Amino acid sequence: MKRTQKVSLILCVALMTLVGSFAWAKVTTYDAKTLKWTWLAEGDESNGGSSTITMKEETVAKGVTGYSFAGNITNQYEYGFVTVKVNPDEATLGKLKTCTGLSFKVMGDGDKYMVKITTEDVKDYAYYMYEFDTVKGQAITVVVPIEFFMQPSWGKVVGGAVNTQLAQFIEFQTTRNGSPGPFEFKLWDIKLYTGGVPALSSAEKKANDKAVKDAAAAEAKMAKPVGGALDGVVWNVVDNFEYANGYMVYFSDPRLFNGNQIKKGDTYTLKFTCTASRDLEAEMRVYLVDHTSAANYHTELTPQVMVPVLKAGVPYSGEITLEANKDAKSANITANLMGMETEGKGRKGSKGSGVEKAFTVTFSEFVFSKK
């Protein structure tokens, strides 16, 4: 199942003040009193991945029930992801098929997520979607007019706006595309609208603004050292013959930069001991990289540094220095990654497949620091 790789959507936080322009005079709101949903959380096991997610029902406010989700993204599947499916009962499905917009409340980890409306006419999983920001540790309200849902660029375009008459369910998904690391978020208070989409109420807008301000203040007070001695580091290195001649991995453990942004002139050091699961065909090339849409999904921020060819089961210890010659576009996790590539022999006549196949690099020592 192919998942979103290259898509650039308008983010909800920047658009919160614009939502009012989509309001009409008579808007009907359907909330928890009339809507019935069944929630299901899934990892990417069906795609051969190992990303995990747990779901817990809990009280998120006085008299309000929601769901909390936590887990870990891996790149055992190249576009590693987790998903939350929100299935409507028959009556709710009827309202989903005629809705002009939806809203929900979310408390996240500061990362981006997406909401989708799955429809019968999309056969390649490129469902209409909307990407939104979360505010770390703070609840916000997200309002999405139907016009904001778009198909990702990698899918087959079925044409026009999302056809809600063919809707099946609502889905929430991570946007990391295989960048490994933990995640955590909560969802509740899904509402559907017909006859238009309401602007945020003054109370909701005030709460959103306060959430952003409080999160920024909390971040400013926190000491955020880069890296340190990281345990449990494993790189699941996958084929990259579709775009290059070998194998690669994006390593995005949040502990690596801890919310800091790579800046031109920064110097970082990695001291490590690692073991490969098979003989490699060439040296490993390690670098820092911005993997966001603003950086065209791959802008290297440091020169590549070579690590000698690894042999299966034979530990190798070394120390490398990475000097940034560009700024990351933001402090977002996916803008501040460590990348690794190595060349390999492709399978003749089969684009996107290597002879030796994917492998793992397991680190018994991984100490990352900023000079």
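Bridging of Lys136 to aspartates and glutamates at a Cα separation below 16 Å is possible for Asp109, Asp111, Glu184, Asp209, Asp214, Glu219, once same-chain residues fewer than 8 apart are set aside.
Per residue, the average separation of C-alpha pairs within less than 8 Å and at least 6 apart gives the chain a relative contact order of 19 percent. Per-residue SASA remark: Tyr113, around 10 Å² accessible (1.4 Å probe; ligands, DNA and RNA not included). Once Lys and Arg get +1 and Asp and Glu get -1 on their Cβ, which of Val249, Val86, Ser51 lies farthest toward the positive end of the dipole of the chain? With unit charges placed on the Cβ atoms, the residue in question is Val86.
Taking a label point 7 Å from the Cα of Asn87 along the Cα→Cβ vector, which residues of segment 40-57 have an amide N closer than 19 Å to it? Label zone hits: 40-47, 53-57.
Keeping all protein chains in place, calculate the accessible area per residue for the chain (probe 1.4 angstrom), answer in Å². Walk me through the intermediate numbers first.
Details: 16870 Å² over 371 residues.
Accessible area per residue, the chain: 45 Å².
With 27 Å as the limit on Cα-Cα distance, the pairs of Lys224/Lys329; Lys156/Lys205; Lys26/Lys112; Lys116/Lys357 that go past it are Lys156/Lys205; Lys26/Lys112; Lys116/Lys357. May I ask you to give the percent of accessible area on the chain that is carbon plus sulfur, with a probe radius of 1.4 Å? With neighbouring chains kept in place, the figure for the chain is 52 percent.
Computed from point charges on the beta carbon alone (+1 for Lys and Arg, -1 for Asp and Glu), the dipole magnitude for segment 230-290 about its Cα centre is near 320 Debye. The packing ranking of peptides 184-192, 271-279, 309-317, highest mean first, is 184-192, 271-279, 309-317, where packing means the average number of other beta carbon atoms within 10 angstrom of each residue. Relative to the longest principal axis of the Cα atoms of the chain, helix 202-221 runs at roughly 20 degrees.
What FRET efficiency do you get for Ser50 and Ser277 if R0 is 22 Å and r is their Cβ-Cβ distance, rounded to the nearest 0.05?
Details: r = 15 Å, r/R0 = 0.66.
The formula returns an efficiency of 0.90 here.
Give the calculated FRET efficiency between Thr65 and Ala216 to the nearest 0.05, with a Förster radius of 30 Å applied to their Cβ-Cβ distance. Don't jump to the answer; show the numbers that get you there.
Details: r = 29 Å, r/R0 = 0.97.
Step by step, r from the Cβ atoms, then E = 0.55.
Extension gain for Glu300 to Glu147 (0.36 nm times residue separation, less C-alpha to C-alpha distance): 51.6 nm.
Answer with one residue from Gly346, Cys274, Gln304: the one whose Cα lies farthest towards the positive end of the charge dipole of segment 263-371, charges on Cβ with Lys, Arg +1 and Asp, Glu -1. In segment 263-371, that residue is Gly346.
Restricting the trypsin sites (Lys or Arg not before Pro) of segment 113-184 to loop positions (DSSP other than H, G, I, E, B) with no more than 13 neighbouring Cβ atoms within 10 Å leaves Lys123, Lys156. When only Cα pairs below 8 angstrom with a gap of at least 6 residues are kept, segment 230-371 shows a relative contact order of 42 percent.
Between Trp39 and Ser293, what length comes free when the chain is fully extended (0.36 nm per residue of separation minus the Cα-Cα distance, one decimal in nm)?
Working: separation 254, 0.36 × 254 = 91.44 nm, distance 3.02 nm.
Once the chain is fully extended between Trp39 and Ser293, it gains 88.4 nm.
The values are calculated or read from the model by the stated rules, or taken from the named source; none is laboratory data. These figures come from a predicted structure and were not determined experimentally. Backbone-built Cβ (ideal geometry, glycine too); neighbour counts: all protein chains shown. Accessible surface areas use protein heavy atoms only, side chains included; no ligands, DNA or RNA. Shrake-Rupley method; radii C 1.70, N 1.55, O 1.52, S 1.80 Å.
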